[in-house]
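See structure below.
Every number in this text was worked out from the coordinates using simple rules, so none of it is lab data. Only a predicted model underlies this, so the values are computations on that prediction, with no experimental measurement involved.
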Amino acid sequence: MAAKSGLRTRLAKWLIGKSSPEEWFAEFGYSNASATGLVVNQITAMQASVVMACVSIRAEDVAKLPLHVYRRLPNGGKEIVADHPVERVLQRPNAWQTRFEFVEQMQSARLLRGNAYAAKIRNARGVLTGLVPINPDLVWLYEAPGGYLFYQVGRNTPHLMAELESLPLMIPADDMLHIRWMSTNGLIGLSPISLARESIALSLSQQQQAAQLARNGSRPGGTLATDKKLSPEVLDRLKTSWQENYGGLANTGKTPILEEGLKFSAIGMTSVDAEFLASRRFQVEEIARIYRMPGHKLGLVDRSTNATMEQADQDYMNNVVSGDLERWEPKLNDELGLTDEGLFTEFDVSRALRASIQVRYNAYRTGIIGTFITPNEVRAAEGLPAIEGGDVLLQPTNMAELGFTPTAGGQNGPGSDLTGAPGAGGDGDPASVPAIPDDSAPSG
C-alpha cells in the first residue's frame, strides 16, 4: 500500500511540474509539435501577435459587458436581484479578482483550450460564496460508473491548494462550473489551438524568421564587387569588418567607406521578399478566420464591403460575441441553481451596441412617440437621473399621458390647424374664427 501511495505521490508531482498536455506527452517520447518543429501551447500560441489580439479582444469584449441576476416581472420586464448570493458572487467572484478579470480569464481559457473551469466554493450551509478559475491544462475529467463525472485538478501552487482546500481531490461535477466549446463527446470541448496548430506555428515561424532577419541584417541591401583578385585574408577581413560596422539593427543607415577598389550595388526588394510579406499577411487573415475576428478589429482594412464601422461592429456582436454569451448564460443559470428559482443571468449588450448620439436620439424619439419607452428609461440609458413624471408613457397628442382624452368643449384642447375654428375638444383661437352669418335675419 505504501508503495502505491508513493507512486501516486511521484506521479502527482510529475504532472504538477508540466505546464501543458504537450509537455506530458513529450516525456513519453511523443510530441504533437507542428511540422515547423514548434510546440503550440497556451503560452507559445499567445506569442503570435494575431492570436494574442484575437483572444484578448474577444475576451475583453465579453468581460466588459455588465452581468447580473434578473427576476422576470409580471408586466414582462425584469429587475436585478441584488440580494441574491449568485449576484454577489458574479460581481466579486473571489478575493483577488474583479468580475471583469474573472470573465476575461475564463473566456481566454475557452478560446485557447476550448474549456473554461471554475470551482464553486460554498459555506457550511451550502450557499455559493466564490468561484475559483482553474487553468484548463491542470484539469482532467473522469467518468465514473453510472455516468457520474469528476474533475481532478493539479493543485500546483500554494494559492490554488489553499483555495480548493474545502473540495475533495476528485471534484464532483456539481462543484465545477464548466463552459466548453464545441465537442465530439459532449463532455470536453475541442482545443482551438490544437486544431489550428499548423496555422499558429507557421505564423510563429514567420515571426521568428522576420526577427532573425532584423537582428542579423541578413537580407543584403547590396553587393560589393571589385576587378581585383582578393586574397583569402583580405576577404575574411572585409567580411568581418562589414558585418561589424554595417550589419544588424544598430548599424542600419551607416555610410560605408570602401577600399580595395570595391563598388557597392544596391539590391531592391526581390520577389521572394514580397512573397514573404504577403505570406505573413495571409497568416494573419487565416488565424483571424479561425477566431472569426473581423478585419477592422485587427487593423486590417476590408475593402470588399461598404459597411460602416457601426454596421461592422453590429455584425460582430450578432454573429461572434452573441455565440460566446449563449455559452455563458445557460451554464450560469443551470449550474448555479438559478433556473430552479425562476431567475436568470443576462449580459447587458446595450453599451456595446451604442450608436452615435444622433442615431440614438432619433431612436429614442421614435420609441417615445411609439409609446413603448418612457423619458426616464431614455435618461437612464444615457446615464442621466430620473425626472418627476418621466415614468409614464406618452402619446403623440401634444405628448399627453397615455390614455388622456380632452374634455369636449374644454379650454385645454387643440384647435384646428387650418381655420382656427374649434377642433375636437377645444375652443380654437377665437380671434381668428370667421364670422358665421345669421340665416334668420331678413334679407334686403
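Structure notes:
- Linear extension gain, ASN362 paired with GLU165, 0.36 nm per residue minus alpha-carbon span: 65.4 nm
- Amide hydrogen neighbours beyond the local backbone of MET176, cut-off 5 Å, H modeled: LYS120
- Using θ = phi - 60° and Karplus 6.51 cos²θ - 1.76 cosθ + 1.60, couplings along the range 363-368 (whole Hz; Gly, Pro as x): 5, 4, 4, 4, x, 5
- Extension reserve of the GLU326-GLU310 stretch, reckoned as 0.36 nm per residue once the Cα distance is removed: 3.5 nm
- From phi via Karplus (6.51, -1.76, 1.60), per-residue ³J(HN,Hα) for the range 166-177 in Hz, x at Gly/Pro: 7, 9, x, 4, 9, 7, x, 4, 5, 9, 9, 7
- Amide proton proximity set for GLY189, modelled H, under 5 Å, gap of 5+: TRP181
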